Amino acid sequence: MTAWLMYQGDDPKRVGGGYDDYSASHYSWDERVPNAEKVKVGDEIVLWNGQTLLGMSVIESIEVGSGTKDLSTCPTCGKADIAERKTMTPKYRCWNQECKVEFAEPTVETVPVATYRSRYEPGWVDLRGIVSGAELRALCVMPKSQNALRELRWEDFRKRVETGKNSTPLDIIDSTREIIVGGHTKTTVRVRKGQPAFRAALLDQFGEVCAFTGPMPAFVLEAAHLYSYAANGKHHPDGGLLLRRDVHRLFDLGQIAIDPHSLTLDVSPRARAYADYDKLHGQAMTVALTNAHRKWITKHWSMHRNGADSTS
């Protein structure tokens, strides 16, 4: 599989102007973007805004469609290698080595294009600010590339995220990739439809209680799936718990797991380095669980603890 660094800046043209992006769930491009057809299901997708890392996941599906795109070209040579200048006139210059003409306005043509929309919400890891833009450029296979889709040196990138400043484990990326590559195709699309209703049902069932830390205001409680949504794609009535946002993320990353035998919390050494999480280790759940809950908890435990010491 390949890891891709994909640009998602604040350019309004990317939202409502041809690209419909939302960093935590989907990213779009078209056939005229270099490397457009090389991106595959199961590839790692790493998003940045030109200044810093935003987050990453594994591509679960790619929808292929059709649309149109306004293509700006040099009025002299017809090439698209042009740049807008902020302070100089004429406003535009052609960077084609055989042209280099300056001009006021480009030629604009609306052309048909194949479109691509990737989805990757189940494995999304928010990494905003952890790695700088300069570091990300250096971690590309071609560091001087200006393409919106650039190939990353995956092992070097992973080492930087997991061991550098503000280190974050990426075990969930491995688990998500194995699930997706094991049974998903380009036509598989799973959106978290029904998430609000799923959360409402959990509030009815458990009340305003975080299953790990106890009573909490409803507005800080999130509906956490006990299973991989990437693999299942459904909201099971006994497949969720209410969790405070921070412990929800740790649970998704496998840094907190529930021992299916004792129904106590198993917190990784990395998380236990922080007093607030260390005190959760070995604690019992704060809500009563059913046998159906135990089934999902066992699957989560197998994904994150099998083959390893339960405290690692």
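Applying 1/(1 + (r/R0)^6) with R0 = 22 Å to the Cβ-Cβ distance of residue 286 and residue 200 gives a FRET efficiency near 0.65. Placing dummy labels 7 Å off each Cα toward the beta-carbon, the span from residue 87 to residue 110 is 3.7 nm. For the stretch 240-308, the equivalent ellipsoid derived from the Cα gyration tensor has semi-axes of 18, 14, 11 Å, listed largest first. In this label model, residue 134 and residue 275 are separated by 3.6 nm, measuring between points 7 Å along each Cα→Cβ vector. Under the combined filter of DSSP loop state and at most 13 neighbouring Cβ atoms within 10 Å, the stretch 132-163 retains these trypsin sites (Lys or Arg not before Pro): 144. Residues whose amide H falls under 5 Å from that of residue 264, counting only those 5 or more places apart or on a different chain, are 259, with hydrogens built in the peptide plane. Computed log10 I(q)/I(0) for the stretch 1-160 at 0.08, 0.15, 0.19, 0.20 Å⁻¹: -0.27, -0.88, -1.22, -1.29, from the Debye equation with unit scatterers placed on every C-alpha and solvent omitted. Kirkwood analysis of the Cα pair distances in the stretch 195-305 returns a hydrodynamic radius of 13.9 Å. Counting lysine pairs in the stretch 1-143 whose alpha carbons fall under 30 angstrom apart, excluding pairs fewer than 8 residues apart on the same chain, gives 19.
When the chymotrypsin sites (Phe, Trp or Tyr not before Pro) in the stretch 22-121 are filtered for DSSP coil states and for at most 14 other beta-carbon atoms within 10 Å of their beta-carbon, the remaining sites are 95.
Using the Cα coordinates of the stretch 234-278, the gyration tensor eigenvalues translate into equivalent-ellipsoid semi-axes of 21, 13, 8 Å, sorted from longest to shortest.
Each Cα pair under 8 Å and six or more residues apart adds its separation to the average, and for the stretch 195-305 the resulting relative contact order is 27 percent.
Read-outs throughout are calculated quantities, based only on the coordinates presented, and are distinct from any laboratory measurement. Remember, predicted model here, so these are calculated numbers, not experimental data. Neighbour counts run over all protein chains shown; Cβ positions are idealised from the backbone, glycine included.
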